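Working notes, structure below.
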Amino acid sequence: MRTFLNSAGFIDVIVGSMFSGKSTELLRRLDRYRRAGRRVQVFSCDRRYAENAVVSHDQRQLPALYAETAADLRHQLDWSAEVIGIDEGQFFDEALPDLCHELALDGKGVIVAGLDQDFQTEPFMVMNRLTAEAEFVTKLTAVCTRCGNPAIRNYRKGDESARIVLGAADHYQALCRSCYEQARKAGHQADLFDHED
Ligand code: ADP
Ligand code: MG
Ligand code: ZN
């Protein structure tokens, strides 16, 4: 007989800044389910590093299906999957939280990783809504590239103003609350302090 815990669906959200380890944590959790014999399906709408994979900044990866919208994800969904992993949740449209809710009601575990705010500290509403819908939430921080304190901000180097500009350490720096304010005040001179690894 299946116990309540085994059959209950859930939403598990992993949020944080860039470089905070969201993709790494998503891959770690999915790997555990895979090892436990659960049927896992993985989606991402990020093609920065690979066509069809979730890839972390330190090059861990797992094959994934590419989906641009919640409808696109639904279309590719394997309804026999027990666990659904979704990376870069912030890039999906506002229908994603409702779809995750439906999947969780259906008994699936849905694990979504994504940015909680953009480079101007504006919340990504899809992730905020998912956080409200989730049974479990993990917030991760990166290491501030200037002072080493926990980083919650995504500081964009250069002067592009579009909300979505794909990039990694070439475009963005993880900064703590205080270094972010200083960098914004100092404008692009802040880039002079950059020390990428
Ligand atoms: P995310 O998906 O949140 O962007 P990843 O899981 O892809 O993060 O990458 C996390 C890895 O990024 C770390 O394990 C570390 O090797 C690397 N990294 C690079 N810059 C930083 C930083 N400023 N703080 C923490 N980790 C960093
Ligand atoms: Mg990531
Ligand atoms: Zn700092």
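The values are calculated or read from the model by the stated rules, or taken from the named source; none is laboratory data. Since the structure is predicted, the reported quantities are computational estimates derived from the model, not experimental observations. Note that we place each Cβ from the backbone using ideal geometry, even for glycine, and neighbour counts take in every protein chain shown.
Some points to look at:
- Put simply, of A174, A134 the only residue that is touching a Ser or Thr at 6+ places or on another chain (Cβ under 6 Å) and at pLDDT 95 or above is A174.
- Only one of the numbered conditions (1) on the phi < 0 side of the Ramachandran plot; (2) crowded, with 17+ Cβ neighbours inside 10 Å; (3) touching a residue at least 40 places away in the same chain (Cβ under 8 Å) is not met by S80, and that is (2).
- Neighbours by Cβ (under 8 Å, 6+ apart or cross-chain): first from the range 56-70, farther than 11 Å from I86 by Cα and free of Cβ contacts under 8 Å to residues at least 24 places away in the same chain; second within 16 Å of ligand 1 (Cβ to nearest atom) and part of a strand (DSSP E or B): P63/V42; P63/A53
A quick yes/no check of all residues on (1) within 15 Å of ligand 2 (Cβ to nearest atom); (2) under 15 Å from G114 (Cα atoms):
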position: A134; (1), (2): no, yes
position: L140; (1), (2): yes, yes
position: N154; (1), (2): yes, yes
position: G158; (1), (2): no, no
position: A169; (1), (2): yes, no
position: Y172; (1), (2): yes, no
position: R177; (1), (2): no, no
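- Condition check for D159: modelled with pLDDT under 95, out of contact with any helix residue (DSSP H, G or I) (no Cβ under 6 Å at 6 or more places or on another chain), surrounded by 13 or more Cβ atoms within 10 Å (Cβ to Cβ) and farther than 18 Å from Q90 by Cβ: no
- Positions within the range 159-178 being acidic (D, E) and either within 15 Å of ligand 1 (Cβ to nearest atom) or within 17 Å of G16 (Cα to Cα) (or both), in sequence order: D170
- Residues being assigned to a loop (DSSP other than H, G, I, E, B) and either more than 7 Å from L175 (Cβ to Cβ) or more than 9 Å from ligand 1 (Cβ to nearest atom) (or both) - total across the range 144-158: 7
- From L99, L30, L115, residue being touching a helix residue (DSSP H, G or I) at 6+ places or on another chain (Cβ under 9 Å) and more than 23 Å from R153 (Cβ to Cβ): L99
- Residue match in the range 22-34 (condition: among the hydroxyl-bearing types (S, T, Y), buried (at least 16 other Cβ atoms within 10 Å of the Cβ), within 15 Å of the chain's Cα centre (by Cα) and at pLDDT 95 or above): yes
- Among the residues of the range 83-128, those identified as surrounded by fewer than 19 Cβ atoms within 10 Å (Cβ to Cβ), more than 16 Å from ligand 1 (Cβ to nearest atom), on the phi < 0 side of the Ramachandran plot and not small (G, A, S) are D93, E94, D98, H101, E102, L105, D106, Q120, E122, P123, M125, N128.
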